[in-house]
Every structure is written in C-alpha cells, then in structure tokens.
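Q: Below: one structure in structure tokens.
The values are calculated or read from the model by the stated rules, or taken from the named source; none is laboratory data. On a predicted model such as this, the values are computed, not experimentally measured, just so you know. Here Cβ is always computed from backbone atoms with ideal geometry, including for glycine, and neighbour counts include all displayed protein chains. Quick note on the areas: whole protein, heavy atoms, side chains included, nothing else; ligands and nucleic acids left out. Shrake-Rupley method; radii C 1.70, N 1.55, O 1.52, S 1.80 Å.
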Amino acid sequence: MKHGITFFIGTILLLPMVYADWPQYEQNPFEITMEIPAPENQDGGIIVADINNDGLMDYVVTVAGHIAAYAHDGSKLWIRQTDIQIKSHELPGNHAPGVIAGDIDSNGKTELLYLTYGGDLHVLDGESGELLWAASPPLPEAIKRWDVVVIANLRGAENNDVILQGFEDASLKGRFLHAYAVDDLRQGHYTPLWTRDDFLSCRHNGVRIADLDGTGRHYALGGSIISPDGEKLFEIKLPGHGAHLDSLSVAKVRDNIPGLQVVSVEEANVAASQGAPHRVFLYNHEGLIWESNYQGWEPQNIAVGNFDPARQGLEIWNRSRFNTNQKPFVLDAFGEFVSQYEMDNVAPEGWSEGGVEVINTIDWTGAEKQLAAAKERHTVGDVCIFDPITGEFIQRFSVKADRLYIADVSGDWREEVIILQGNSLRIFHNPEPNPRPNQPRLWEKDHYLRSKLTYNYYSP
C-alpha cells in the first residue's frame, strides 16, 4: 500500500491519503457482521473514527445496551455492554450514535466518550474499549440527566474540552449547556468553564459545534450561537404557536462572507396564514444574513451542498413537510428560489410514497457537483443517491436500511454509503474512476469531522 501524508485536525488522527491502490475494499459492498442485536426503534447510530490508531477509519455502532467497535478491515476490536444514553424520543435523538471520538488528553490516542442513563460520563480507551475514567457532573435542577456530550476546543487547547447538554421533560429543547475542561472532569472538579440555561436548540437535536471564524476554537450552534467563552452572540427570533427549529447544517454557503455559516429551518405548528412563515435561515456569529419563505411550506429537513456549480456559493435543498408526495424545493446561497419538483414524479417504481429521509449531502462521483443520499421514509427500506436540483435518482441500493451514514472511509476523498442492516454493516463505494483524485481529504475540514460525530436523523 502506498501512503501519502497523514493529517491531524487538533489531535484527532486521520487516515493517510491513499490513491495508488484504491479501493481498499475489493468487495462492493464490504460487509461486517457484528455480534450485537439489531437496532430497536430509532435508538443508536454509527460513527467512524481511527480508534485503534493505525491511520485507517474504524466503525463504532451503538444499539440499546451495546457499543460495538470494528476495525477498518472488519475485525472485531471490542463490544461493551453498557447503559449508553441513546433514547431516540429525547436527546440525543433519532439515529444519534450517543458516542463521540477524539484524543481528549493529547496523547496521540483516541478516546470514546458517552453518557449513561444514570447520568455519568464514561471515557473509554478507543482501541480496547476499557473504561479509563468516569465523572458525574452536577445537574441543573430542571433536568434529570445530561443527554449529549460533545468534544470541543473552547480554550485553544485542541480537543481538551467538552460541552454537556440537557433538556427539560417534554420540551425536546436542550436549553442547558455546561462547558468543562476535560482535566477538571477527570479529577472530579466540577466547576464549569461556563454555563447557559437559555440555549435555543433545534428540537430533537443535540448541540452542534463549528469553528466559524477560523480561530480553531468552537462555537456552540443551534438557533443560538454561543461563543467559545460562553457568550450568546446571536439567536433566531421565533414566533409563538410552538415554533421551533427542526434541522441545522454548517457550511461555507456564501463564499463572499468570511468564515462558515449556519443554515436552520423553522417548524411553526400552525399554518402560514396564521402568522407562521416556516422560514429557512442563514446566519453566523455576527447575525442574520437572510431568511426565506417558499410558499409558506415547511422546509422540514435540509441538505446543503454544491448542487449547481454554475451558481455562486452552495444550494439548500428542503424536503418539505408532506407525508406523501413530497415536494422538495431548492434555494440558492442568497435565499432565492432555484427549483421544485414532486418526489413521486422522479422516484423509481416501488419507492415509498413517503419519499426520503435521513438526507445527506454526498461526494459520490468525485465531480465538483455534489449529490444527496437518503433512505426510504418511514420504513426499513432502500437507499438512493439523487440529484437535489432535479430529483433524478442516480443510483438505488436494494437494502433493508435501519441506519444510513455517509463518510469517506476508503481513502480517495470521495464518500461511501454506509448502511446498518440488522446487525450487519454494508459499505458501498463508487467503483468508477475518480475524476479528481488529488483533492484534499474531506476530514481536513474541521466542520466535516464535527458533523460526522454530532449528527442525528434530523441533522445528518
């Protein structure tokens, strides 16, 4: 095997660039049968990370009561039975993995962090799965347990901080954030770096993070933007009527604005005619850039990508909230209408009338134009790759997908389709030649790495 440069983001080790003998997986799909139960309901998910420190991406899968770790070649590393917090109807949410990976002590090795239903933070050795230490951070009076843990760089000390998030019963909005230095938690010192009890989270969604301004430090993202020091810099203004945000993405949407931007979408629970516009928002740490409302339709879920390279910036695909005969619409980087179609007119014969769900932007072909991947909605069914601008289905995978995860694991910077089907992982790669083989690995983008660790059903 011919290796190129090994990359680091903070202290998370990324696999080497491998071009000469790609694909590493000669089988298509490459399959891993795991010694864990099949997923129940919407609980648990998938992440990939180099947990055995060999420079290749490995697989971590969570289901009720289990964390399973398998190496890049499919061999079992370890399985841990534990009461990991992955309750789908609360936080961390549907399909959320509930586990996160990173080198939190700057020793060059990867650790895994997760929360238990008992309220403890557990830290595991990535390679062996052994418990290194645990902590029991105190709770705000309004919550029963911490629900989400995110590894972050808040103080400029690489990945040596964490953000904990919790929510009040029945609210599905995680307004409580506490930030800690990892060393303090490990030593049982529970004085936070900062706290917030007014964070506007996407409903059903855990807090996301990104380095918005290129300083290397992370902002906490939802409808609110919280600085690395805990200051609220901006917040979306929502009307009453139970309005909330449903989905969030981070990208360089507008290339004429420094840094990254956040896209989120509104669900108002009442008709637009009653004063609820169902908006799409673009904003950053400096404020609102624009808001857009297409025909009063609820956007519901989004995918953000370079779906039309002829246009400036990125495009925003919106699924729309129609239980059958979905009517996706696309906006450009300035909030202007690009296209709209009916899913029933473009989906192949036999596709679910519910349309698509778990929509991910995907670099599948290697061309400048990105596509989207999704599974059949409200069923354990097929997966597709489609053109977000026209709705044309490019490829269909006949599977019984419980989970869908998109990430670059084979090594030529393009992304693979990773499907959990029962207790089997199936990794599909594109066998066609890569037209741009020397592009940088996607993992070099910190916001890409963070999104692949802190996602769920609503915000892949």
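Q: Going by Cα centres, the range 434-460 and the range 244-271 are how many Å apart?
A: Taking the Cα centre of the range 244-271 as reference, the centre of the range 434-460 is 18 Å away.
Q: Return the aspartates and glutamates within reach of residue 237: Cα separation strictly under 14 angstrom, same-chain partners fewer than 8 residues apart disregarded; answer none if there are no such residues.
A: Correct list for residue 237: 198, 266, 267, 291.
Q: Related question: How about residue 144: which lysines have a C-alpha closer than 16 Å to its C-alpha, ignoring those fewer than 8 places off in the same chain?
A: Partners found: 87, 173.
Q: Also, quick follow-up: Taking one equal scatterer on every alpha-carbon of the range 295-431, how large is log10 of I(q)/I(0) by Debye at q = 0.08, 0.15, 0.19, 0.20 1/Å?
A: Evaluating at q = 0.08, 0.15, 0.19, 0.20 Å⁻¹ gives log10 I(q)/I(0) of -0.20, -0.70, -1.10, -1.20.
Q: Would you mind checking which residues have amide H under 5 Å from residue 403's amide H? H placed 1.01 Å from N; only 5 or more apart, or other chain.
A: Result for residue 403 returns 420.
Q: Could you give the length gained on full extension between residue 344 and residue 311, defined as 0.36 nm per residue of separation minus the Cα-Cα distance, in nm?
A: Contour length minus Cα-Cα distance gives 9.2 nm.
Q: May I ask for the net charge around residue 329, where only other residues with Cβ less than 12 Å from the Cβ of residue 329 are counted and Lys, Arg are +1 while Asp, Glu are -1?
A: Net of charged neighbours comes to -2.
Q: Still on this model: Would you tally the net charge around residue 339, using a Cβ to Cβ cut-off of less than 15 Å, leaving residue 339 out, and scoring K and R as +1, D and E as -1?
A: -3
Q: What FRET efficiency do you get for residue 241 and residue 131 if R0 is 56 Å and r is their Cβ-Cβ distance, rounded to the nearest 0.05?
A: 0.75
Q: Here is a further query. For labels at residue 392 and residue 26 in the simple 7 Å Cα→Cβ model, what's the distance in nm?
A: According to this spin-label approximation, the distance is 3.4 nm.
Q: Please work out the average accessible area per residue across the range 214-353, using the 1.4 Å probe convention, and give it in Å².
A: Ligands and nucleic acids excluded, the figure is 38 Å² per residue.
Q: Right, here's the next one. Put +1 on the Cβ of every Lys and Arg and -1 on every Asp and Glu Cβ in the chain; which of 420, 281, 307 then has its Cα farthest towards the positive end of the dipole?
A: Going by the charge dipole, the pick is 281.
Q: Around residue 234, which amide H atoms from residues at least 5 apart in sequence, or from another chain, sit under 5 Å from its own amide H, with H modelled in the peptide plane?
A: When sequence neighbours closer than 5 places are left aside, the close amide H contacts are 225.
Q: If you don't mind, another one. Residue 142 to residue 41: FRET efficiency via 1/(1 + (r/R0)^6), r the Cβ-Cβ distance, R0 25 Å, to the nearest 0.05?
A: After rounding, the FRET efficiency stands at 0.40.
Q: Taking one equal scatterer on every alpha-carbon of the chain, how large is log10 of I(q)/I(0) by Debye at q = 0.06, 0.09, 0.12 1/Å?
A: Results for the chain at q = 0.06, 0.09, 0.12 Å⁻¹ read -0.23, -0.53, -1.01.
Q: On average, how much area does the Cα convex hull of the range 69-138 cover when viewed from any direction, in nm²?
A: That works out to 5.5 nm², a quarter of the Cα hull's surface.
Q: Rounded to the nearest percent, how much of the accessible area of the range 362-445 (1.4 Å probe, protein heavy atoms only) is carbon and sulfur?
A: Summing carbon and sulfur atoms, their accessible area is 48 percent of the total for the range 362-445.
Q: With a cut-off of 18 Å, note down the residues of the range 128-161 whose backbone N falls inside the zone around a label point 7 Å from the Cα of residue 106 toward its beta carbon.
A: 151-161
Q: Follow-up. Please sort by residue number the GluC sites (Glu not before Pro) in the range 119-196 whose DSSP state is loop and whose Cβ has at most 11 other Cβ atoms within 10 Å.
A: 130, 141
Q: So how many Lys-Lys pairs in the range 317-460 land under 26 Å Cα to Cα, not counting same-chain pairs under 8 apart?
A: Lysine pair count for the range 317-460: 9.
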